[in-house]
Each structure stands twice: as C-alpha cells, then as structure tokens.
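A short write-up of the structure that comes next.
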Amino acid sequence: MTSIKPYAYSYNIQGVQVKPLTGDGREVSVLYTGPLAQSESRQVYLHCGFGDTSKWSGVSDYPMEYRGNGWEKTLRLETGNSLNFCFKDNNSNWDNNSGANWLYRITG
C-alpha cells in the first residue's frame, strides 16, 4: 500500500477538509467550516458510516469540537477503505452536500 503523507488538510470542498494523521491514512481529522459552522449552532455532529456510498455500515453521530476555525473530529477507519459522511447541528439542520454527502477513500 502506498503511504499517505500525514498532517496536510485536503483542498477545501464546500467547507470540508480531511487530513490523514497516519501514514496508512486510517486515522483522519475532518474539519468542517460549512454553513452549519457559520450559523449559531451550539454543536455540530459528524454523521458517518463506512463502505459503499449507497450502503453505509456502522453509521454513527459524533460530536465535533469547536476549534476557532471550524468544527473538528478525529476518527479511525476500523473497517474498509471508505468513510462516507455529512453533518448536522443541534437544531437538526443538515449539510449533506446537496444529497451527495462527502467521501474519504484510501487508495493504493
């Protein structure tokens, strides 16, 4: 497997960036600065699952931490090579990239 250079955030796509934290890319940080971060949300959650984009497995909501420049969550891909995700806030507002969600995939 090709090693991924850790600690560099991806290009900002509609307020979302992903940063691998390990050489194998399995531990990642997700930074969110999209519309929910621009509102007065008291909490933003990372809603995510693993596997195929049309059939997520292990779906969970993780509270994100506010970092001054946006909301951040670190997690580890325990199974598979794909992380599918979107965001919601404490008022049940969603940012799902206009229904497309976001995808982080380990290739190599």
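List of remarks:
- Taking the chain and dividing mean pair separation by its residue count, relative contact order in percent (alpha carbons under 8 Å, at least six apart): 25
- For the chain, the alpha-carbon radius of gyration amounts to 1.02 times the rule-of-thumb value 2.2 N^0.38 Å expected for a compact globular protein.
- Cβ-based net charge around His47, under 13 Å, with every Lys or Arg adding one and every Asp or Glu removing one: -1
- Local electrostatic count at Asn93 - Lys and Arg +1, Asp and Glu -1, tallied over other residues with Cβ under 15 Å: -2
- Cα gyration tensor shape of region 54-99, rounded if a/c is under 1.5, else prolate or oblate by comparing a/b with b/c: oblate
- The rule of thumb for compact globular proteins, 2.2 N^0.38 Å, goes into the C-alpha radius of gyration of region 30-71 1.32 times.
- The HN-Hα couplings worked out from phi for region 85-96 by the Karplus form 6.51 cos²θ - 1.76 cosθ + 1.60 (θ = phi - 60°) are 7, 8, 9, 9, 10, 5, 9, 6, 8, 10, 10, 10 Hz, whole numbers, x standing for Gly and Pro.
Every read-out reported here was derived from the displayed coordinates using simple, explicitly stated rules and does not represent laboratory data. Please read all numbers here as calculations on a predicted model, not as lab measurements. All Cβ positions, glycine included, derive from the backbone under ideal geometry; neighbour counts span all protein chains shown.
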